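The next block holds one structure in the form of structure tokens; read it before the comments.
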Amino acid sequence: MSRRNPSLIAGAVIVGVIVLMALISFVWTPYDATLVTPASRLLKPSWSHWFGTDKFGRDILSQIMVGSRTTLFVGVVAVGVAAVIGVPLGILAAMTRRWASELVMRANDLLLAFPALLLAIMFGAVFGASTLTAMVAIGIASVPSFARVIRSGALQVMRTEYVLAARAAGRRPWPIAVRHVLPNVTSLITVQASVSFAIAVLAEAALSFLGYGTPPPTPSWGRMLQESQEFLFSAPRLAIFPGVAIAIAVLGFNLLGDGLRDRFDPKLEDRR
């Protein structure tokens with residue numbers, strides 16, 4: 001009988017709550033998250049405003065709820081971009097000749113030299129700050145991670161008997177890649193996607209904090225932190241609530257990725 005995986009359960013619960021909050025925000029929030037009410041600025045937490053209000057009189061809980069949509073949207077698109085580019089590159093590097101594989105991986109290393117935050121700032125300076133710019137930049141910066149992980153897994157699959165038999169039978173490389181290699185690295189893709197999602201959440205918050213992410217008035221956890229700087233001592237709750245939301249989201253996706261890794265490779269869990 002298999003043991004329960006605490007990391008997987010905790011990560012799934014946290015991620016599930018964040019997704020549920022984002023879905024609920026489409027149909028209901030306590031207040032309009034973008035409504036400016038000067039008369040209600042900097043209110044403390046109460047029954048009418050559970051998390052209080054910010055310097056513009058906007059309800060903080062409503063902003064947290066709507067901000068979760070932005071975070072998940074950026075994460076999904078960024079991870080999607082990284083997977084669509086990185087997975088084929090990883091499989092290509094594993095199935096081609098040595099010189100071609102080296103060329104792909106050295107280009108991969110060159111891209112790895114640019115952190116997601118730096119790449120996004122460069123994109124923002126050239127194309128202008130926007131959610132789309134942040135998503136594409138974070139996605140491109142995550143390509144090397146996918147390519148390396150998938151190449152490693154694909155190399156193991158290429159040594160299996162059924163792949164060797166398919167190659168001996170004269171099957172072309174891409175049918176082998178689609179029919180044999182890709183299905184056997186799906187677990188690696190799932191784990192890497194979860195880990196990259198946590199990185200994307202953190203990167204989006206950092207970009208919004210610096211002014212290169214989601215522009216106002218769309219709520220963003222990172223920009224909420226940026227706007228709370230001047231009230232760190234007089235109203236620290238303005239920074240605490242979005243900061244805790246970011247930390248919990250990153251923790252949830254990291255735990256989920258760790259749990260999935262143990263689930264797909266029980267040997268790792270046995271060694272702990």
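Key figures
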quantity: Enumeration of residues in the stretch 24-34 that are surrounded by 14 or more Cβ atoms within 10 Å (Cβ to Cβ) and either in a loop (DSSP other than H, G, I, E, B) or without any contact (Cβ under 8 Å) to a residue 24 or more places away in the chain (or both); calculated: 29, 30, 31, 33, 34
quantity: Where a residue in the stretch 249-264 is under 11 Å from residue 18 (Cβ atoms) and its partner, wherever it lies, is open to solvent by 70 Å² or more (accessible area, probe 1.4 Å) and assigned to a helix (DSSP H, G or I), with Cβ under 6 Å and at least six apart; calculated: 250/202
quantity: Residue within the stretch 104-111 that is of a type in the set (Lys, Arg) and part of a helix (DSSP H, G or I) present; calculated: yes
quantity: Residue list for the stretch 80-101, restricted to those being within 17 Å of residue 156 (Cα to Cα) and either part of a helix (DSSP H, G or I) or in contact with a helix residue (DSSP H, G or I) (Cβ under 7 Å, 6 or more places away or on another chain) (or both); calculated: 87, 88, 89, 90, 91, 92, 93, 94, 95, 98, 101
quantity: Among the candidates 81, 13, 74, 17, residue that is under 29 Å from residue 116 (Cα atoms), under 24 Å from the mean Cα position of the chain (by Cα), open to solvent by less than 20 Å² (accessible area, probe 1.4 Å) and among the hydrophobic types (A, V, I, L, M, F, W, C); calculated: 74
quantity: Qualifying position, being over 18 Å from residue 138 (Cβ atoms) and either touching a Cys at 6+ places or on another chain (Cβ under 8 Å) or among the polar types (S, T, N, Q) (or both), among 194, 208, 187; calculated: 187
quantity: Residue within the stretch 118-129 that is exposed (fewer than 15 other Cβ atoms within 10 Å of the Cβ), over 30 Å from residue 217 (Cβ atoms) and at pLDDT below 90 present; calculated: no
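The values are calculated or read from the model by the stated rules, or taken from the named source; none is laboratory data. This one's a predicted model, so the numbers in the text were calculated from it and none came from an experiment. A quick note on method: Cβ atoms are made from the backbone with ideal geometry, for glycine too, and the neighbour counts reach across all protein chains shown. Side chains are part of the model used for accessible areas, which takes the heavy atoms of the whole protein and leaves out ligands, DNA and RNA. Shrake-Rupley method; radii C 1.70, N 1.55, O 1.52, S 1.80 Å.
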